[in-house]
Structure formats: C-alpha cells, structure tokens
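*Asks:* I have a structure I would like to understand better, so I am pasting it below and will then ask my questions one at a time.
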Amino acid sequence: MSEKSDILFSPFDIGPLRLTNRFVMSPMTRNFSPGGVPGENVAAYYRRRAEANVGLVITEGVGVDHASALGAGTMGEHDTPVMHGEAALAGWRRVVDGVHAAGGRIMPQLWHMGPIRLNGTGNAPETLSARPSGTWGPTDKAMVPSAYVDQMRADTRPLTDSEIGDIIAGFARSAANAHAVGFDGVALHGAHGYLIDSFLWPHTNRRDDRWGGDLVRRATFAVEIVRAIRAATAEDFPIMYRFSQWKIQDYGARNAETPAELEMLLGPIANAGVDIFDASTRLFNAAAFEGSDMGLAGWVRKVTGRPTMTVGGIGFTKDLQSSFVEDTQAVNNLSMVVERFERGEFDLVAIGRALLMDPQWVRKVQTGEPFSPFRLSAYATLE
C-alpha cells in the first residue's frame with residue numbers, strides 16, 4: 001500500500017456506525033433475485049466483498065413496497081430484489097448475517113423506478129408508472145434504444161396527493177423492514193431520473209402545488225420520504241442519499257445550475273435527516289460548476305455541511321457509459337482521489353465496476369497486487 005492511499009484506510013463514523021475504512025461498494029444493478037428474493041448466491045456475492053476489507057457495502061437497487069416501484073426499464077425486465085414480503089426479507093437476513101460475520105457493514109439502496117419504468121410491466125402491470133407530472137422528460141437526448149424512447153412518449157397522468165402519500169409510506173415500510181432485518185442503515189436512490197430525482201428535475205416536475213414549483217418545493221417529496229424513514233426506523237439509523245445532476249433521459253441534465261441553487265435544493269433534504277450524501281457523477285474529478293475545479297461531492301459537502309461520498313471512474317481509464325463501447329483498462333488512479341480527499345471534498349470513496357470485476361480490489365490496494373482487468377462478461381455473473 002502506498003503512503004498516498006494509506007489515508008483511505010482510516011476509520012469513519014456515520015452516526016453510531018463505524019466503518020473500518022473509507023472504501024464503499026457502490027450500488028450496482030445485478031438482477032439475480034428471482035421473484036424479488038435474494039438467494040445464497042447473492043449473499044455470497046456481498047460477503048466476498050466484506051471479507052476483502054470493503055468498509056461498507058451498498059446493495060443494488062431494491063424495490064420498495066409499492067406496486068409501480070419496479071418493472072421493465074432501459075435494459076429490460078429482470079430479477080430485481082425487493083424489500084418486502086417474508087421470503088425476500090428472509091433472503092436479506094442471510095445477506096446481512098453473512099456480511100456482518102465477515103466484519104463488514106451493509107445498507108440496501110431503496111429504489112422506485114418512477115418515470116423509467118415501462119407501463120404494463122412488473123408485478124402490477126395494470127398500475128401506471130409513477131411520474132410527478134405524467135411525463136418522462138425530453139427524449140431527444142436520451143441515451144437509450146429508440147424503441148424504448150418511443151414507448152416513453154406515451155405520457156401517464158400526474159400523481160395525486162393520495163398516490164404520493166402511498167409511495168412515501170411504501171418507502172417508510174421498506175426502511176422499517178431493512179432496520180428489522182439488521183441492515184446498518186439505508187441508502188436512498190435519489191438520482192439518475194428515477195422517481196425521487198424526477199421530482200427534483202424541472203423537466204419532469206411541472207407541478208405548481210406543494211410538490212413542485214421552485215427549488216425548495218421540488219425537494220418536498222424527498223424531504224417527506226426522509227422524514228418518514230426517520231420516524232419508521234430510529235433516530236440514529238443512518239440514512240444515505242444519492243444525488244446526481246445527470247439523468248438517463250439526458251446525461252447533460254442539471255437540477256442545480258449554481259452552488260446557490262444546489263444549496264436550496266439539498267439543504268431541506270439534509271435538514272430532514274440525511275446523514276451522508278452520495279454524489280453520483282460519471283467522473284469523480286469532473287468540475288461541478290464553472291469557476292472551480294471542485295467536484296460535485298465537494299460542493300454538496302460545502303453547501304449542506306454533511307459528509308459526502310464520491311464515485312465515478314475510480315479504478316479504470318473510462319467512465320461507466322464509455323466502457324461499454326470503448327477499450328477500458330484497469331488503473332490505479334487513487335493518487336488523484338487522495339489529493340481531493342485531502343482537500344476535504346469528500347469522506348468516502350465508492351467503487352463500482354472495479355469491485356464488480358474484482359472482489360479483492362480493496363485488499364489489493366493494500367498489498368499492491370495487480371487488479372483484475374475490465375471485462376464485459378462480469379456483468380452477466382455474480383463473481
């Protein structure tokens with residue numbers, strides 16, 4: 001282990017939760033849970049990362065207890081896990097027990113697909129996909145197959161107050177289930193154009209009631225979810241919130257054009273009870289705003305006063321989207337991560353593809369062993 005990366009192996013506390021180091025397994029869709037139930041293969045997959053010294057594991061997106069939470073998305077309909085029902089919760093208990101036995105910590109990423117779900121799919125095909133204003137968003141910049149975009153042009157209707165309340169209650173029930181199963185906290189997927197994020201983005205939230213309008217009102221849905229989760233779990237149960245500017249509908253999208261707007265949007269969410277923000281970017285060191293080279297995690301930390309986690313391109317020469325179509329090599333670019341960590345831009349470092357390709361990645365950082373190469377075939381397996 002180099003002296004530069006040594007600092008990333010210092011402990012970190014999220015409320016009462018102590019992590020042994022700053023490395024986190026980033027949430028990555030896996031789709032190996034038939035019927036929404038994670039099996040022994042899923043438990044072993046997460047346990048292997050904990051055994052190899054990953055400080056915190058964040059699971060793949062897990063469907064919350066709501067009829068339209070899951071269904072077919074940009075890559076089809078798959079075996080996505082859920083956080084409700086006896087069988088699924090028993091499966092998650094095995095996952096949690098395995099990670100804890102290995103000395104690790106784990107949170108589920110609670111997920112509602114919102115506008116990205118295709119109507120007529122999932123376990124409740126008769127239920128319309130949830131969209132704040134009934135729209136999917138602009139389709140001219142979407143980086144998805146044209147056939148999928150064509151289906152998205154068919155608008156639904158705006159969510160009613162009652163329906164929004166039902167979704168918030170579904171998040172709270174699933175968080176309570178995660179707490180009861182033994183998870184060490186919960187992570188909310190509030191990014192990439194999915195439901196929570198679709199309330200933040202003006203292209204998908206055109207409401208003029210308490211759920212939309214100015215930046216503060218567009219944050220109300222996220223605020224109420226955080227409050228409901230806090231009330232349903234415990235005062236000291238850690239809550240992580242994933243935020244992004246980019247969307248599946250538009251990689252160049254922005255919820256906030258300036259740091260001041262970012263503060264207006266995320267300040268109320270932080271005050272509702274978020275303990276740490278996961279700033280999702282395609283490249284961790286990309287400048288978030290003009291006039292500064294600071295990344296999104298740094299700005300989120302600055303305007304909210306909360307700890308943050310960075311992610312994007314760590315361990316590889318290409319960002320996630322480019323790696324599907326361009327030659328990508330495994331690299332050790334932690335010196336750039338450490339430089340920004342020492343500036344105080346972020347507190348945790350999320351590793352995605354590198355840990356998918358190589359369960360031993362964090363341990364190899366310590367030992368100096370070569371990393372496993374990038375390979376697309378890893379996406380089809382639970383290695």
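*Asks:* Among Ala69, Ala88, Ala44, which is the only one that is aliphatic (A, V, I, L, M) and surrounded by fewer than 19 Cβ atoms within 10 Å (Cβ to Cβ)?
*Replies:* Step by step, each of Ala69, Ala88, Ala44 is checked, and only Ala44 is aliphatic (A, V, I, L, M) and surrounded by fewer than 19 Cβ atoms within 10 Å (Cβ to Cβ).
*Asks:* Give me the pairs, please: first residue somewhere in region 260-284 and closer than 26 Å to Leu17 by Cα and free of Cβ contacts under 8 Å to residues at least 40 places away in the same chain, second residue anywhere and surrounded by 21 or more Cβ atoms within 10 Å (Cβ to Cβ) and among the basic types (Lys, Arg), beta-carbon distance under 9 Å, and either six or more positions apart or on two chains.
*Replies:* From region 260-284, the pairs are Phe277/Arg242; Phe277/Arg301.
*Asks:* Here are the criteria: (1) open to solvent by less than 10 Å² (accessible area, probe 1.4 Å); (2) within 22 Å of the chain's Cα centre (by Cα); (3) modelled with pLDDT under 95. Tell me which single one Met152 does not satisfy.
*Replies:* Only one criterion is unmet by Met152, namely (2).
*Asks:* Could you check region 12-29 and list, in sequence order, the residues that are open to solvent by 10 Å² or more (accessible area, probe 1.4 Å) and not polar (S, T, N, Q)?
*Replies:* Within region 12-29, Phe12, Asp13, Gly15, Pro16, Leu17, Arg18, Arg22, Pro27, Met28 qualify.
*Asks:* Mind checking which residues of region 280-314 are assigned to a loop (DSSP other than H, G, I, E, B), β-branched (Val, Ile, Thr) and in contact with a Leu (Cβ under 6 Å, 6 or more places away or on another chain)?
*Replies:* Matches in region 280-314: Thr281 only.
*Asks:* Here's something else I'd like to know. Restricting to region 285-296, and then to whatever is aliphatic (A, V, I, L, M) and in contact (Cβ under 8 Å) with a residue 40 or more places away in the chain, can you tell me which residue is most open to solvent (accessible area, probe 1.4 Å)?
*Replies:* The residue in question is Met294.
*Asks:* For region 344-355, does any single residue satisfy the condition of being within 23 Å of Arg301 (Cβ to Cβ) and of a type in the set (D, E, K, R)?
*Replies:* The answer is yes; a qualifying residue exists.
*Asks:* So which residues in region 315-351 are open to solvent by 10 Å² or more (accessible area, probe 1.4 Å), modelled with pLDDT of 95 or more and not in a helix (DSSP H, G or I), if there are any at all?
*Replies:* Answer for region 315-351, where residues must be open to solvent by 10 Å² or more (accessible area, probe 1.4 Å), modelled with pLDDT of 95 or more and not in a helix (DSSP H, G or I): Gly344, Asp347.
*Asks:* Restricting attention to region 234-273, which residues are open to solvent by less than 10 Å² (accessible area, probe 1.4 Å) and part of a helix (DSSP H, G or I)?
*Replies:* Once the filter is applied, which keeps residues that are open to solvent by less than 10 Å² (accessible area, probe 1.4 Å) and part of a helix (DSSP H, G or I), region 234-273 yields Leu262, Leu265, Leu266, Ile269, Ala270.
*Asks:* Name the pairs whose Cβ atoms lie under 7 Å apart, with the first residue in region 170-184 and at pLDDT 95 or above, the second of a type in the set (Val, Ile, Thr) and in a helix (DSSP H, G or I), and 6 or more positions between them or separate chains?
*Replies:* Close Cβ pairs satisfying both conditions: Phe171/Ile225; Phe171/Ile229; Ala172/Ile229; Ala175/Ile229; Val181/Val96; Gly182/Val96; Phe183/Val96.
Listed here are the residues, each with its yes/no results for (1) in contact with a Leu (Cβ under 7 Å, 6 or more places away or on another chain); (2) in a helix (DSSP H, G or I); (3) farther than 19 Å from Arg173 by Cα; (4) at pLDDT below 95.
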site	(1), (2), (3), (4)
Met1	no, no, yes, yes
Arg30	yes, no, yes, yes
Asn41	yes, yes, yes, no
Arg48	no, yes, yes, no
Gly71	yes, no, yes, yes
His100	no, yes, yes, no
Gly104	no, no, yes, no
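The values are calculated or read from the model by the stated rules, or taken from the named source; none is laboratory data. This one's a predicted model, so the numbers in the text were calculated from it and none came from an experiment. With ideal geometry, Cβ positions are generated from the backbone for all residues, glycine too; neighbour counts draw on all protein chains shown. To get the accessible areas, we keep the full protein, side chains included, count just its heavy atoms, and leave off ligands, DNA and RNA. Shrake-Rupley method; radii C 1.70, N 1.55, O 1.52, S 1.80 Å.
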